[in-house]
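In what follows, a single structure is set out as structure tokens and then discussed.
The values are calculated or read from the model by the stated rules, or taken from the named source; none is laboratory data. Nothing here was measured: the structure is a model prediction, and the numbers come from that model. A quick note on method: Cβ atoms are made from the backbone with ideal geometry, for glycine too, and the neighbour counts reach across all protein chains shown. Note: accessible area is taken over every heavy atom of the protein model, side chains too, but ligands, DNA and RNA are not part of it. Shrake-Rupley method; radii C 1.70, N 1.55, O 1.52, S 1.80 Å.
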Amino acid sequence: MLQDLENNFSELERKILALQKNYKNLTEKLSELSVEHEELKKKYDEERRRNQVLAEEQKNIKLYSAISGNPEHNRLMKNHINRLVKEIDFCIAQLQNSGL
């Protein structure tokens, strides 16, 4: 009877040690993954910003091309001018409504 209790206690102690080891390994892995996650998040943000800059540059290049007379981008230029005219009209309407 006493031997069985000692065996059970030893088995329980062995399982506890194994659980502690697994817990330590998992917490280390979590730390590593957290660091990796932060690095990937920073890279993603940098790439997203870079993509926005490139998209803006591409838009500007098309606009400059349209201004310089490139027939492929005439529609883009017309749309851009129409957008600017609408914005100016909106500003004029706001000024008239404010009484200036």
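A dipole drawn for the chain from +1 and -1 charges on Cβ atoms has a positive end, and of Ala55, Leu26, Ile16 the residue lying farthest that way is Ala55. With all protein chains kept in place, the per residue accessible area of the stretch 33-100 amounts to 92 square angstrom at a probe of 1.4 angstrom.
Maximal additional length on extending the Gln3-Asn25 stretch stands at 4.6 nm, based on 0.36 nm per residue less the C-alpha distance. Restricting the calculation to alpha carbons of the stretch 26-74 gives Rg and Dmax of 20.1, 63 angstrom. Taking the C-alpha atoms only, the angle from helix 74-98 to the longest principal axis of the chain is near 80 degrees. Computed from Cα atoms, the angle from the helix 2-67 axis to the main principal axis of the chain rounds to 10 degrees. Modelled spin labels at Ile16 and Asn97, positioned 7 Å past Cα toward Cβ, are 7.4 nm from each other. Measuring from centroid to centroid over Cα atoms, what is the spacing of the stretch 13-65 and the stretch 66-93 in Å? Using only Cα atoms, the two centres lie 40 Å from each other. For a straight C-alpha distance cut-off of 16 angstrom, the aspartates and glutamates reachable from Lys21 (same-chain residues fewer than eight places away being disregarded) are Glu11, Glu13. Largest first, the extents of the alpha carbon coordinates of the chain on the three principal axes equal 98, 42, 17 Å.
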